[in-house]
1. Please give, to one decimal in nm, the separation of the simple spin-label points placed at Ile73 and Thr32, each 7 Å out from Cα toward the Cβ.
2. By average Cβ neighbour count within 10 Å, what is the ranking of 142-151, 11-20 from highest down?
3. Please work out the average accessible area per residue across the stretch 1-73, using the 1.4 Å probe convention, and give it in Å².
4. Subtract the Cα-Cα distance of Lys41 and Leu6 from 0.36 nm times their separation in residues, and report this length gain in nm to one decimal.
5. Could you list the trypsin sites (Lys or Arg not before Pro) in the stretch 20-83 that lie in coil according to DSSP, counting only those with at most 14 other Cβ atoms within 10 Å of their Cβ?
Amino acid sequence: MITGILNTGYEALSAGIFAAFLAQVIKFFIFTIKTKKINFKIFTTTGGMPSSHSAGVMGLSTAVGIIEGFDSIMFAIALGYALITMYDAAGVRRAAGKTAACLNRMMEDFYKHDVQAIGGKLKELLGHTPLEVIMGAIFGIVFAYYYHFYILSQKIACLFVLFM
């Protein structure tokens with residue numbers, strides 16, 4: 001069952017998905033420890049440490065590199081996709097979040113702190129800091145290596161691959 005996905009596209013895809021999922025779990029625990037509050041919405045939000053987008057795309061890219069070779073065209077395509085995604089997370093989406101914060105402050109002043117009159121506040125935590133992106137990328141790379149060389153290669157039963 002487990003060896004059926006080793007060195008296939010299923011391994012690459014599942015490495016990316018599981019890296020992103022585990023980054024969200026880590027993000028939940030970091031948020032809970034920092035704020036001493038449990039907020040399950042963290043599992044579905046963007047932004048925060050580490051970047052699950054970065055973890056997912058780098059997990060996928062690393063798995064492709066392990067399977068196809070780091071000098072392959074497939075790895076180049078996967079890495080290009082990952083770099084664009086990470087640039088977007090730290091650049092465009094972060095700028096959009098800063099713009100939303102500015103607009104929220106302006107609307108609070110304009111509507112005398114009754115932001116609900118205009119439909120509520122805009123979401124501010126959209127992107128990532130460069131550190132969050134880098135940490136997500138490192139996590140994705142480490143996870144893909146661990147997933148390939150330990151979980152799948154050693155034929156260790158894992159809850160993550162039961163659906164395969």
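1. Label-label distance for Ile73 and Thr32, simple model: 4.6 nm.
2. Working: 142-151: 18.2, 11-20: 23.3.
In decreasing order of mean packing, 142-151, 11-20 become 11-20, 142-151.
3. Working: 3740 Å² over 73 residues.
For the stretch 1-73, the solvent-accessible area averages 51 Å² per residue.
4. Working: separation 35, 0.36 × 35 = 12.60 nm, distance 3.33 nm.
Using 0.36 nm per residue and subtracting the Cα-Cα distance, I get 9.3 nm.
5. On the way: sites: Lys27, Lys34, Lys36, Lys37, Lys41; in loops: Lys36, Lys37.
Of the trypsin sites (Lys or Arg not before Pro), the ones in loops of the stretch 20-83 whose Cβ has at most 14 other Cβ atoms within 10 Å are Lys36, Lys37.
The values are calculated or read from the model by the stated rules, or taken from the named source; none is laboratory data. No experiment lies behind these values; they were computed from the predicted model shown. Because the Cβ atoms are built from the backbone with ideal geometry, glycine has one as well, and the counts that use them run over all protein chains shown. Note: accessible area is taken over every heavy atom of the protein model, side chains too, but ligands, DNA and RNA are not part of it. Shrake-Rupley method; radii C 1.70, N 1.55, O 1.52, S 1.80 Å.
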